[in-house]
Structure formats: C-alpha cells, structure tokens
C-alpha cells in the first residue's frame, strides 16, 4: 500500500509541474500578442496598401494628372508600400455614388467637383461667387486661406476628411452662336451648368436658362441644339472636345472651378500615424504641382482652341454683370459667415 501511495504522489507531482509549465507558456504567448484570439493591428507600420482614387474627368485632365502625381509621391515616401489605382471618367459611378462609397470606405480618395460638393456643404459655394477672381492665379492664392481650411473642416460631419483644393481653371462661356459679352447676349439661352446652388442662382439672375446635365451628355446636346452653350473651364473644353460643336468662346472668368479632394475618414483612421503623415505630405506635394500645371494649361489650352478654329473674345467689361454679381454675393453671404469672410478676404488681395 505504501508503494502504491508513493507512486500516486509522484504521478500527481509530475502532472502539477506539466500543467504549471503550460499555463506559463500560454501567458507568455498572450502577452506577446500571439494568442489565437488576438487580432493583428491593421494600422501597424510596414503594411502594403493600394488606395482607390476616383473622379469624373478624362485621363488627360489636370485633375487626373494630379492624382497620378499623388500616387508617385505616395510610393516614394513609403518605399513602395503605399500605392494608388485611379478610376477616371466616372468609372465608379456618379459623384453622389462616389461620395457614398468614400463614406463607407469602399473608395479611399475622391477628387470631387466643388459643384457637387457645394450641394452638400453651403460654404463651398464661396468659390462660385461671381467675378471674385480675374484669373486662376488669384483663385489659387485663396487655397491656403483660413476660410478655405474651414470649408474642408466642415466636411468631417459627413465622414469625409477634406484634404485640399486643386483647380481646373476659371469658368468661361462657349456658345454655338455669338459671344457672351453682356447679359443681353445670354437672355433666354439654354446654358449647360453643373448643378450647384450658386451657379444656378447666377445663371438665373443673368436671364439664361441654366440646364444641369452630366459631362457625358454635353457633346451631343451641343451637337443637336438641345443647349445653346456651356459654362466650362478650358481644360475640360479641350479634353472633352466640345469646341467641335460650338465655336464662340468668351473668356468671362465669372467663376473658378476647384476640385475638393477628400479621403474616407474611416480609412484614414485605420492608418498608422506615420502613414497618415505620408498621405498628407504626398497629397500636398501633388496639389502644389497640380495647381502650377493648371495655370500653365490655361495658356496652352487657349492656344489649342485657337488652333482648332475657335473664335475667342478675350476680354469683356465685367461692369455689365455687376448687378447680378452683387445679388448673388449678398444671397450667399447671408447663408454662410464663411462665404462672407471668404469674399472679403479675396477682395482684399
């Protein structure tokens, strides 16, 4: 009996030692983050990632060139870990669809027209105040203004991180028949616009018939006479070849035309602090380059149009549009303190 009791005690002692070692091993593994129940941190540094970038313009447009520049800078700063895939020309849907996908994180970045975004955030209509900028350089100078930063910050409530503004150029008028030198030249004319509260208000007050339609419908609408003219920037005019169906271009400079560059806040929050900084730095460098490129294209695009046989009226007396200008500015200043301050800041430069 004593022998059996001895062997029983010995067996229990060995079992206790084995169990103790297993517990220590498990604790050590858990502390090191190796437990099967522990999820890896997807935001840790060193991960490889390809971001989706979407917009509505053609691949030859300056916004697409800026998106490509962003991809180059992103890859360089991250040693090839972070890259982009660009989806131009509304491949991922209309802008409303794109923004919804950015909110959910299905799309990472969007170069959205300020026209569409101004239907979601009132303050963005500030960029469309009539005759605020006589050339693109003046508009670009407002990109870093306090008011512009406030506009971007206001998008946070929509799940969007506002990163920057880039530009396509100032807005002008292309007509099938004659120039747009005075409001009388535009009275009753069907002018294609991008749907935006400020644009709609301006063209209504001018006396025209503003007609909102997507880019894909403009070419044939000009060709068939559904519209008499378009409100357009020179880069889109060249890339979309609308001049093939209308030959009278008036350099009105009535508004500028930014893209609002946004990122999914959901995706941004998943990144490590290091990668967040890389994204911001890469985008700033790309946009700095892009706005300079847009200014250069204003001149080269104009020469392209002249060579293509477009008749160009390069200067008009903006005093003819002063009454309309005052009315629109007052209307939107009353809606937004940011717009009111933005107008004052631009006028003071």
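Principal axis lengths of the chain from Cα atoms, whole Å, largest first?
120, 41, 33
What number, rounded to the nearest 500 deg cm²/dmol, is the helix-based mean residue ellipticity at 222 nm of the chain, given -39500 (n - 2.57) per DSSP H run of at least four residues and division by all its residues?
On the way: 14 runs with 169 residues, N = 349.
Computed mean residue ellipticity for the chain: -15000 deg cm²/dmol.
Mind giving me the FRET efficiency for residue 270 and residue 157? R0 is 22 Å, r the Cβ-Cβ distance, nearest 0.05 is fine. Intermediate results must be reported in sequence, preceding the final value.
Details: r = 20 Å, r/R0 = 0.89.
Once the sixth-power term is evaluated, E becomes 0.65.
What is the helix-to-structure angle for 197-206, meaning the angle in degrees between its Cα long axis and the longest Cα principal axis of the chain, kept from 0 to 90 and rounded to the nearest 10?
Once rounded, one gets 0 degrees.
Could you put 60, 78, 118 in order, starting from the residue whose Cβ has the fewest other Cβ atoms within 10 Å?
Details: 60 12, 78 20, 118 25.
Starting with the residue having the fewest Cβ neighbours, the order is 60, 78, 118.
In a Gaussian network model over the chain where Cα atoms closer than 10 Å are linked, find which of 101, 315, 265 has the largest mean-square fluctuation.
315
Can you tell me the 0 to 90 degree angle between the C-alpha axis of helix 62-77 and the longest principal axis of the chain, rounded to 10?
30 degrees
Sticking with the crude label model, points 7 Å out along Cα→Cβ, report the distance from residue 138 to residue 293 in nm, one decimal please.
2.6 nm
Given a Förster radius of 41 Å and the C-beta distance between residue 68 and residue 308 as r, what FRET efficiency does 1/(1 + (r/R0)^6) yield to the nearest 0.05? Working shown, then result.
Numbers: r = 26 Å, r/R0 = 0.63.
After rounding to 0.05, the efficiency reads 0.95.
How long is the gain from residue 284 to residue 330 if the chain were fully straight, where each residue apart is worth 0.36 nm and the alpha carbon distance is subtracted?
Values: separation 46, 0.36 × 46 = 16.56 nm, distance 3.28 nm.
So the chain would gain 13.3 nm between residue 284 and residue 330.
Can you give me the C-alpha center-to-center distance between region 144-207 and region 57-103, rounded to a whole angstrom?
With region 144-207 and region 57-103 each reduced to a Cα centre, they are spaced 23 Å.
What number, in percent, do you get for the relative contact order of the chain if the mean sequence gap of Cα pairs under 8 Å and at least 6 apart is divided by its residue count? Kindly include the intermediate steps, with their values, before the conclusion.
Details: 584 pairs, mean separation 86.1, N = 349.
Relative contact order of the chain: 25 percent.
Report, to the nearest 10°, how far helix 273-307 tilts away from the longest principal axis of the Cα atoms in the chain, using its own Cα long axis and a range of 0 to 90°.
20 degrees
In region 49-348, what percentage of the DSSP-assigned beta bridges are antiparallel, given to the nearest 5?
Numbers: 21 of 39 bridges.
Percentage antiparallel, nearest 5: 55.
Read-outs: derived from the displayed coordinates by stated rules, not from any lab. Bear in mind that the values here come from a model prediction, so they are computed numbers and not experimental data. As a convention, Cβ positions derive from the backbone with ideal geometry for all residues, glycine included, and neighbour counts pool all protein chains shown.
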